[in-house]
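> Encoded as structure tokens, here's the structure I'll be asking about.
The values are calculated or read from the model by the stated rules, or taken from the named source; none is laboratory data. Quick caveat, the model's predicted, so the values are computed rather than measured. Because the Cβ atoms are built from the backbone with ideal geometry, glycine has one as well, and the counts that use them run over all protein chains shown. Keep in mind that these areas ignore ligands, DNA and RNA; they rest on the heavy atoms of the full protein, side chains included. Shrake-Rupley method; radii C 1.70, N 1.55, O 1.52, S 1.80 Å.
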Amino acid sequence: MAVDAIERDRAIIIGDQTGVGKGRQAAGVIRYALQQGKTPIFITQKPNLFTDMYDDLVDIGVEGFKPLIMNQANGFVSKGDDKLFDLSARSRRLMLERTAIDGKLPDGYNGLFLTYSQISSDKNGDKLNVLNRLAGNAILVMDESHTASGGDSKLGKAFQGLVTDAKGVVYLSATYAKRPDNMLL
């Protein structure tokens, strides 16, 4: 259903409860984005969820996926206790600056992972600029999407623009309709 929604220029909300498989569905959407030549952008609440998403991608057979991690923490640990995608702060900064200029990920990278806090704490708008430059060819997979809601918040306004420009959007949240202002996103 998510792929069908994306192909019809619509979005979808996956509102299943915890433990039902939202992560596997998100991994399937990321796989679809890769197959279509789109840039998958995975946004979540906590960096430790990068590991869960990466492991879901491996479990469904995605090979060669290498996300650029926007967060400052260097990489993450996979199921096999291997540290993955570990970059120095300087390398990460340079790659993100180049992405903001070129509007495409650096060579060898085919996705972007970040937490919502990267945008809410983005004082200069540099990180939001990266997302804006990628959005035209991106499929956004927004885990815990209620985090980005709220029409008057900086984060809410940033994502209202991004979802309009993206090629596809999948919202993942068991509490997406908890408050009326969540529905603006």
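> From Asn48, Asn74, Asn110, grab the single residue that is of a type in the set (S, T, N, Q) and at pLDDT 95 or above.
Criteria check complete, one pass: Asn110.
> Quick check on region 85-135: of everything there that is open to solvent by less than 20 Å² (accessible area, probe 1.4 Å) and hydroxyl-bearing (Ser, Thr, Tyr), which residue is farthest from the chain's Cα centre (by Cα)?
Here the answer is Thr99.
> Just name the residue that is farthest from the chain's Cα centre (by Cα) out of those in region 5-34 that are among the small types (Gly, Ala, Ser) and part of a helix (DSSP H, G or I).
Ala5
> Exactly one of these conditions fails for Val3: (1) farther than 19 Å from Asn132 by Cα; (2) touching a helix residue (DSSP H, G or I) at 6+ places or on another chain (Cβ under 8 Å); (3) open to solvent by less than 10 Å² (accessible area, probe 1.4 Å). Give me its number.
The number of the failed condition is (3).
> Hey, another quick one. In region 22-38, is there at least one residue being closer than 26 Å to Arg90 by Cβ, open to solvent by 20 Å² or more (accessible area, probe 1.4 Å) and of a type outside the set (Lys, Arg)?
no
> Still on this structure, I have one more. Please specify each residue of region 87-122 satisfying the condition of being outside any helix (DSSP H, G or I) and aliphatic (A, V, I, L, M).
Residues satisfying the conditions are Leu87, Leu105, Leu112, Leu114.
> Under 7 Å between Cβ atoms, at least 6 apart or on separate chains: pull out the pairs that start in region 159-184 with a residue that is open to solvent by 90 Å² or more (accessible area, probe 1.4 Å) and end on any residue that is modelled with pLDDT of 85 or more.
Lys167/Lys38; Lys167/Asn137; Lys167/Ala138; Lys167/Ile139
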